[in-house]
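A short worksheet on the structure shown next.
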Amino acid sequence: MNGPAGAYWAESLGRWAIPQEILSSAPESPFGCPAACFVAGDDPVETPSRSRALEALPEGGTVLDVGAGGGAAGLGLVPPAARLVAVDQSQEMLDSLRASAQKRPGLAVETFMGRWPDAAGSVPVADVVVCHNVLYNVADLPSFLAALDSHARNRVVIQITQRHPRSMLSAMWKHFWGSELPDAPIADDAAAVVAEEGYEVHMELFDAPATRRADRETQVRFIRRQLCLGPDADAEIDSLLGADGFGPRPAACLWWDVLGQRG
């Protein structure tokens with residue numbers, strides 16, 4: 001059973017559900033992400049999340065990237081990592097990760113398609129577990145965190161936006177649908193759940209650099225899907241997005257060291 005922090009997290013996330021009348025009118029599912037928007041770059045992005053992972057990662061070590069997407073978090077640790085284990089629900093994302101991994105000679109890559117923690121039983125333990133931009137999709141946070149912790153020898157490093165990622169669409173959501181998006185949960189609430197579960201959590205706040213892997217048209221289509229709109233809204237979305245799109249986003253790095261050693 002969830003404690004107060006875990007219950008608050010789950011309850012708050014539930015308020016982000018898209019109203020059924022809007023969801024049923026959507027031309028396509030607003031869920032899921034196009035792989036083109038999450039292709040890993042050739043150079044790692046310097047953030048507190050990367051620094052904390054590198055501190056606990058031995059030369060030639062193994063990284064487990066949960067909710068890996070295109071692999072930016074895990075591939076950004078190569079080297080010193082020589083082995084990357086990646087878990088994601090999307091085979092398209094995992095294929096994109098493997099394509100990017102080919103640019104890292106000598107890197108061993110193992111991928112698992114599935115939802116965490118359901119897929120955790122078949123996934124090996126790693127020196128460091130990283131998990132970027134996933135928690136706001138997880139209602140049962142205690143079970144998710146326990147599976148992360150049990151798969152790390154040294155450290156777990158989580159990165160999330162300080163506010164729900166759909167918060168950046170608040171103005172557009174109000175413009176098109178006339179409704180307000182919720183204010184919670186936020187990164188502080190996630191940290192409270194981690195602490196409630198008994199992990200000695202550390203939190204560092206920073207601005208995550210904007211990454212624009214996809215072209216403008218792909219970005220607009222992705223936003224349109226999230227807003228449950230059709231192609232006729234593309235021009236208006238493009239105008240509202242502005243010339244520079246979304247800039248740096250306030251983010252949080254949550255990390256803890258595991259207790260004891262695992263083989």
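The table below gives the values:
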{"quantity": "Rg to Rh, two decimals, where the stretch 26-84 supplies the alpha carbon set and Rh follows Kirkwood", "calculated": "1.10"}
{"quantity": "Ranked by how many other beta carbons lie within 10 Å on average, peptides 166-172, 88-94 from highest", "calculated": "88-94, 166-172"}
{"quantity": "Selected from 226, 102, 162 as most flexible by GNM, with the chain as the system and alpha-carbon contacts under 10 Å", "calculated": "102"}
{"quantity": "Loop-located GluC sites (Glu not before Pro) in the stretch 38-84 whose Cβ has at most 11 other Cβ within 10 Å (DSSP)", "calculated": "46, 59"}
{"quantity": "Percent RCO, i.e. relative contact order, over the chain, from Cα pairs under 8 Å lying at least 6 residues apart", "calculated": "24"}
{"quantity": "Distance between the stretch 73-116 and the stretch 219-242 - C-alpha centres, whole angstrom", "calculated": "30"}
{"quantity": "Quarter of Cα convex hull surface for the stretch 134-204, i.e. mean projection, nm²", "calculated": "5.3"}
{"quantity": "131, 228 arranged by Cβ crowding within 10 Å, fewest neighbours leading", "calculated": "228, 131"}
{"quantity": "Amide H contacts of residue 208 (H built 1.01 Å from N, under 5 Å, at least 5 apart or other chain)", "calculated": "249, 251"}
{"quantity": "Per residue, the convex hull volume that the Cα atoms of the stretch 169-239 enclose (Å³)", "calculated": "134"}
{"quantity": "Cβ-placed point charges (K, R +1; D, E -1), dipole of the chain about Cα centre in debye, nearest 20", "calculated": "420"}
{"quantity": "Potential extension, residue 17-residue 51 segment - 0.36 nm per residue separation minus Cα distance", "calculated": "8.8 nm"}
{"quantity": "Among 177, 16, 116, residue whose mean-square fluctuation peaks in a GNM of the chain (springs only between Cα atoms under 10 Å)", "calculated": "177"}
{"quantity": "Top of 124, 185, 142 by mean-square fluctuation, Gaussian network on the chain, Cα under 10 Å", "calculated": "124"}
{"quantity": "Compactness of the stretch 129-263, expressed as Rg and Dmax over alpha-carbon positions, Å", "calculated": "17.7, 56"}
{"quantity": "Over the stretch 118-170 - Rg/Rh using Cα atoms and the Kirkwood inverse-distance radius", "calculated": "1.03"}
{"quantity": "Under Karplus coefficients 6.51, -1.76 and 1.60, residue-wise ³J(HN,Hα) of the stretch 97-111 in Hz, glycine/proline x", "calculated": "4, 4, 4, 5, 5, 5, 7, 10, x, x, 7, 8, 10, 10, 10"}
{"quantity": "Dipole magnitude of the stretch 48-149, debye to nearest 20 (Cβ charges: Lys/Arg +1, Asp/Glu -1, about Cα centre)", "calculated": "300"}
{"quantity": "Mean projected area in nm² (Cα convex hull; one quarter of hull surface) for the stretch 36-170", "calculated": "7.9"}
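Laboratory data are not the source of any read-out in this text; all were calculated from the coordinates shown. Fair warning: this is a prediction, and the values are worked out from it, not measured in the lab. We place every Cβ from the backbone using ideal geometry, glycine too, and count neighbours over all the protein chains shown.
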